[in-house]
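Encoded as structure tokens, the structure appears first; notes follow it.
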Amino acid sequence: MHIAFLTPEYPDLPDSNSGGLGTSIQNLAAALSEFEGIKVSIIVYDQRRDDFFQKDNLNFHLIAKRNYSLGGWYRYRKHLEKVINDLAVKEDIDVIEAADWTGITAFMKLNVPLVIRLHGSDAYFCDLEGRKQKWKNRWFEKNALQNADEIISVSEFTGSRTMKVFDLKKNFKVIANGLDLENFKPSEAKPKTNQVLYFGSLIRKKGFLELAEIFNLVYLKNPEAKLVIAGRDVIDNEKGESTWKTFQSILNSKTSKNVKYLGQVNYKVIINLLEESTVVVLPSFAEAFPMTWLEAMAMEKALVTSNIGWAKEIMVQEKTGYMEHPNDHDRVAEKILKLLQDDKLRKRMGAQARKKVQQEFNSTIIASKNLKFYKLVLKDQSSDYH
């Protein structure tokens with residue numbers, strides 16, 4: 001079987017600023033390629049140039065971004081359609097998987113079955129955040145979902161909320177994101193004392209601005225506490241300025257001395273930061289199934305996260321960490337302080353967190369579930385495409 005992923009991002013490509021979507025595809029593609037008789041291709045669009053190369057037992061097809069004087073949104077999709085259909089014939093591709101974000105497959109007619117995975121569309125995140133969505137984005141995303149042969153969702157919450165947002169009555173299969181545990185092993189070295197870590201994009205929807213208020217409270221009770229931040233700064237959609245700049249304006253003058261921002265760093269640095277940090281805090285308002293949570297859990301880190309929707313499909317309250325609403329600054333701060341002070345509690349929660357990832361979210365188990373689903377898709381769709 002030959003599976004191809006259509007994506008705007010993928011880790012470690014020079015022209016791709018990759019986040020959780022790219023990381024989840026990388027984990028799944030790598031795990032699938034280990035199965036006998038499975039071939040995997042990654043088709044990355046919106047690149048600076050057209051290119052082809054092979055790496056890590058995967059085929060990469062880069063498709064250059066194109067500019068059109070009129071109707072670019074339609075003409076570029078038709079260009080992608082032709083490239084994908086030509087590749088499907090040339091490379092004998094059996095199934096294409098695309099993400100829901102921006103509805104890139106809207107108005108495409110592909111010659112092989114199309115599976116769309118719900119990682120969180122623009123409409124989904126706008127709904128969670130109470131933001132107004134551009135009508136064109138909504139149109140694209142709904143059309144893409146309507147025309148998909150099958151739909152996978154990374155969480156039950158994301159799937160149900162997406163169907164409600166678009167007023168669709170399509171079935172979806174829940175298959176969570178997976179993680180290669182070999183890349184995220186707990187360290188035997190003792191972590192630093194009183195170090196709190198946030199990693200991921202600096203953006204309002206991830207509760208980053210709430211974290212400033214929360215850390216002010218943590219510092220009041222524990223002036224030794226230090227906050228380390230790693231991730232890409234994003235222009236805030238409400239203020240139109242750097243989110244990091246807004247974050248700094250919320251911090252108290254004394255608190256700010258104990259905050260260190262490292263900027264966007266590679267995964268080797270992230271792993272080092274996870275190893276040395278005492279507690280990880282990820283108080284997000286809007287996610288689908290966050291890879292950052294799995295990565296911290298796999299490293300046996302006690303987590304303080306949000307308690308919204310998808311959270312309960314990953315975390316177990318008071319077992320793998322604590323879940324609190326990002327707006328409840330006092331309770332989040334209280335849980336961070338509790339974990340900073342209790343070494344035995346951190347170790348117990350960290351061990352339970354890794355165990356949960358091993359049992360439910362390791363990449364081999366997740367890849368096997370996906371493979372089983374793709375086979376069913378091909379069986380169901382065979383008469384339509386052959």
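The values are calculated or read from the model by the stated rules, or taken from the named source; none is laboratory data. Predicted model only: the values in this text are computed from it and were never measured. Heads up, the Cβs are rebuilt from the backbone with ideal geometry, glycines too, and the neighbour counts pull from every protein chain shown.
Quick check on segment 79-135: of everything there that is under 25 Å from GLN54 (Cα atoms) and among the basic types (Lys, Arg), which residue is surrounded by the most Cβ atoms within 10 Å (Cβ to Cβ)? If we take residues in segment 79-135 being under 25 Å from GLN54 (Cα atoms) and among the basic types (Lys, Arg), then ARG117 is surrounded by the most Cβ atoms within 10 Å (Cβ to Cβ). Is there a residue being touching a His at 6+ places or on another chain (Cβ under 7 Å) and buried (at least 17 other Cβ atoms within 10 Å of the Cβ) anywhere in segment 297-306? Yes, the conditions are met somewhere in segment 297-306.
Please indicate, with yes or no, whether at least one residue in segment 326-340 is among the hydrophobic types (A, V, I, L, M, F, W, C), closer than 30 Å to GLY37 by Cα, buried (at least 20 other Cβ atoms within 10 Å of the Cβ) and touching a His at 6+ places or on another chain (Cβ under 9 Å). The answer is no, given that none of the residues of segment 326-340 is among the hydrophobic types (A, V, I, L, M, F, W, C), closer than 30 Å to GLY37 by Cα, buried (at least 20 other Cβ atoms within 10 Å of the Cβ) and touching a His at 6+ places or on another chain (Cβ under 9 Å).
Mind listing whichever residues of segment 26-38 are crowded, with 18+ Cβ neighbours inside 10 Å and free of Cβ contacts under 8 Å to residues at least 60 places away in the same chain? Scanning segment 26-38 gives GLN26, ALA29. Of a type in the set (A, V, I, L, M, F, W, C), modelled with pLDDT of 95 or more and surrounded by fewer than 13 Cβ atoms within 10 Å (Cβ to Cβ), is that true of PHE53? Spelling it out, PHE53 is indeed of a type in the set (A, V, I, L, M, F, W, C), modelled with pLDDT of 95 or more and surrounded by fewer than 13 Cβ atoms within 10 Å (Cβ to Cβ). Cβ separations smaller than 9 Å between residues 6+ apart or across chains give the following pairs from segment 248-273 residues that are in contact (Cβ under 8 Å) with a residue 24 or more places away in the chain to residues that are basic (Lys, Arg) and in a loop (DSSP other than H, G, I, E, B): GLY263/ARG232; GLN264/ARG232; ILE271/LYS185. Of the helices (runs of 4 or more DSSP H) contained entirely in segment 128-247, those carrying at least 1 residues that are within 16 Å of the chain's Cα centre (by Cα) and of a type in the set (Val, Ile, Thr) fall at 156-166.
Among the hydroxyl-bearing types (Ser, Thr, Tyr) and farther than 17 Å from PHE199 by Cα, is that true of SER253? Yes, satisfied. Scanning segment 183-199 turns up at least one residue that is out of contact with any Pro (no Cβ under 6 Å at 6 or more places or on another chain) and more than 25 Å from LYS356 (Cα to Cα).
Test MET108 against the stated conditions and say whether it is over 29 Å from MET297 (Cα atoms), touching an Asp or Glu at 6+ places or on another chain (Cβ under 8 Å) and either in a helix (DSSP H, G or I) or not assigned by TED's automatic domain parsing to the domain that holds MET291 (or both). Judged against the criteria, MET108 is a match.
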